[in-house]
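The values are calculated or read from the model by the stated rules, or taken from the named source; none is laboratory data. Here the structure is a predicted model, which is why all the values come from computation and not from measurement. Because the Cβ atoms are built from the backbone with ideal geometry, glycine has one as well, and the counts that use them run over all protein chains shown.
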């Protein structure tokens with residue numbers, strides 16, 4: 001059964017937090033908490049207070065405020081666990097589409113929807129885009145002497161021992177990518193965060209790690225120093241170093257089944273967060289939030305936080321592009337669930 005409960009999700013080891021979280025926390029501290037109590041606008045945060053999505057929610061609320069007339073305080077309301085499912089359910093079930101409440105959610109919520117988690121009672125295909133932040137997604141594989149690996153070379157390694165969380169996680173994207181490339185894998189599941197995956201790689205227990213989201217360049221450094229090579233990247237922002245090829249460049253034209261499901265999984269795995277409005281929100285209100293987002297993504301403080309986190313900010317266009325991968329993937333959900341059950345013994349739960 002799926003192991004992602006309401007508290008599951010992406011975690012960074014304490015040693016990997018560093019400057020980027022300090023930067024975000026600094027932005028959050030600037031919020032006028034007393035004024036926020038009576039704020040006319042709200043940002044629903046799909047995640048616990050103080051965690052990654054919450055910190056970005058506070059920073060985005062501050063930056064978005066300046067884009068509205070009178071710069072009203074925007075209250076942030078954390079709801080649910082790290083994977084964002086509870087918060088996403090709240091958005092669809094309880095938020096009135098009056099344009100006063102938007103939501104910020106992690107990419108994990110979309111993975112839960114894609115894999116058919118039984119806790120999911122939301123439909124992201126009907127959300128209205130405001131802004132998004134995209135990180136990187138890079139597969140690092142051990143190669144003695146750091147010799148570059150071709151597709152043939154990767155296939156020749158035999159079953160690839162991949163340090164992974166579980167199929168319903170950011171690792172879904174790379175599991176599907178490797179399958180589409182015809183590369184046999186032997187996932188080592190149960191490694192929930194970057195620190196655990198890195199330890200498995202450094203100890204020799206695993207031969208490959210998929211790094212996704214924010215802070216990838218910093219997370220990758222230790223692996224590259226231990227005979228790791230960056231094989232390819234999946235969607236998201238351009239990887240560092242810039243020579244890392246995308247999946248098509250590495251393996252040739254993509255082919256095979258579940259192309260739409262793979263595209264959606266790759267999007268969700270690299271989506272650090274997305275800000276949306278509920279369905280049926282008045283177009284004028286949507287336009288106001290989108291205009292505020294266009295200004296927010298250019299604000300020096302938010303740009304600095306994004307740079308420290310190695311993510312790329314985008315306004316409504318970026319959020320729209322992310323959501324656009326979902327409708328086609330919806331038709332492939334049964335096939336995806338069958339694939340995960342057959343190859344990894346996984347069932348939605």
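Key figures
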read-out	value
Filter result for residue 120 (more than 24 Å from residue 218 (Cβ to Cβ) and in contact with a strand residue (DSSP E or B) (Cβ under 6 Å, 6 or more places away or on another chain))	no
Candidate set from the stretch 169-196 (those that are in a strand (DSSP E or B) and without any contact (Cβ under 8 Å) to a residue 40 or more places away in the chain); member that is farthest from residue 106 (Cα to Cα)	185
Residue 242 more than 17 Å from the chain's Cα centre (by Cα) and surrounded by fewer than 24 Cβ atoms within 10 Å (Cβ to Cβ)	yes
The stretch 132-168 - residue that is assigned to a loop (DSSP other than H, G, I, E, B) and in contact with a helix residue (DSSP H, G or I) (Cβ under 7 Å, 6 or more places away or on another chain) and, of those, surrounded by the most Cβ atoms within 10 Å (Cβ to Cβ)	167
Any chance residue 46 is part of a helix (DSSP H, G or I), at pLDDT 95 or above, within 23 Å of the chain's Cα centre (by Cα) and crowded, with 20+ Cβ neighbours inside 10 Å	no
Some residue of the stretch 88-101 being in a strand (DSSP E or B), buried (at least 18 other Cβ atoms within 10 Å of the Cβ), touching a residue at least 60 places away in the same chain (Cβ under 8 Å) and under 21 Å from the mean Cα position of the chain (by Cα)	no
Of all residues in the stretch 301-349 being within 17 Å of residue 55 (Cα to Cα) and free of Cβ contacts under 8 Å to residues at least 24 places away in the same chain, the one that is nearest to the chain's Cα centre (by Cα)	307
Matching residues, the stretch 186-197, being within 25 Å of residue 342 (Cβ to Cβ) and buried (at least 23 other Cβ atoms within 10 Å of the Cβ)	187, 191, 197
In the stretch 197-231, residue farthest from residue 163 (Cα to Cα) [restricted to those that are in a strand (DSSP E or B) and under 17 Å from the mean Cα position of the chain (by Cα)]	213
Any chance residue 260 is assigned by TED's automatic domain parsing to the domain that holds residue 172, touching a helix residue (DSSP H, G or I) at 6+ places or on another chain (Cβ under 6 Å), assigned to a helix (DSSP H, G or I) and more than 21 Å from residue 121 (Cβ to Cβ)	yes
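Conditions tested, residue by residue: (1) buried (at least 23 other Cβ atoms within 10 Å of the Cβ); (2) in contact with a helix residue (DSSP H, G or I) (Cβ under 6 Å, 6 or more places away or on another chain); (3) without any contact (Cβ under 8 Å) to a residue 60 or more places away in the chain.
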| residue | (1), (2), (3) |
| --- | --- |
| 199 | no, no, yes |
| 212 | yes, yes, no |
| 220 | yes, no, no |
| 268 | yes, yes, no |
